[in-house]
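Accompanying notes for the structure given below.
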Amino acid sequence: MKMFATLLVLALTAGLAAGGVQAQETQLPPDTGLQKHSFEGFIEWMPQHGFVGEWVIGGYRVTVTPRTEINMKHGPPTVGALVHVRAMEYRGQMLAYKIRVKKPKLK
């Protein structure tokens, strides 16, 4: 519950422009106004220095904060890497709470 409250506060104060994600959408209780999303995509853009800030993943603008958990078991997140994202959306704004770098597929 503490993490949910923290995400709510962060979602309400984050200033970003994003569209909605349709993949694996889970509706939270209607009183929160938050939607939980889980999707995979390639990192198209991310900050040059550090991880905190705006990223573009699979065409969606996502905000990464110091509280976002980034799993780097299969390497660091870089432009072109495939990642799995878990995020909360509030009024069209996407806030990532977990990003997992996916294992590269061998050809």
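The values are calculated or read from the model by the stated rules, or taken from the named source; none is laboratory data. All values derive from a computational prediction rather than experimental measurement. Cβ placement follows ideal geometry from the backbone for every residue including glycine, while neighbour counts extend to all protein chains displayed.
Tabulated data
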item: Failed item, numbered, when THR78 is tested on (1) of a type in the set (S, T, N, Q); (2) under 15 Å from PHE42 (Cα atoms); (3) part of a strand (DSSP E or B); result: (3)
item: Leading residue by the ranking (farthest from LEU34 (Cα to Cα)) among those in the stretch 80-89 that are modelled with pLDDT of 95 or more and within 15 Å of the chain's Cα centre (by Cα); result: ALA81
item: Hits in the stretch 90-106 - residues which are surrounded by 19 or more Cβ atoms within 10 Å (Cβ to Cβ), of a type outside the set (Ser, Thr, Tyr) and either closer than 14 Å to PHE51 by Cα or in contact with a Lys or Arg (Cβ under 8 Å, 6 or more places away or on another chain) (or both); result: MET94, LEU95, ALA96, ILE99, VAL101
item: Flag for HIS49 being modelled with pLDDT under 95, of a type outside the set (S, T, N, Q) and within 11 Å of the chain's Cα centre (by Cα); result: no
item: Residue match in the stretch 33-47 (condition: in a loop (DSSP other than H, G, I, E, B) and surrounded by 13 or more Cβ atoms within 10 Å (Cβ to Cβ)); result: yes
item: Subset tally (residues that are over 17 Å from MET72 (Cα atoms), at pLDDT 95 or above and more than 10 Å from the chain's Cα centre (by Cα)) for the stretch 30-44; result: 1
item: Within the stretch 81-107, tally of residues that are in contact with a strand residue (DSSP E or B) (Cβ under 6 Å, 6 or more places away or on another chain) and of a type outside the set (Ser, Thr, Tyr); result: 17
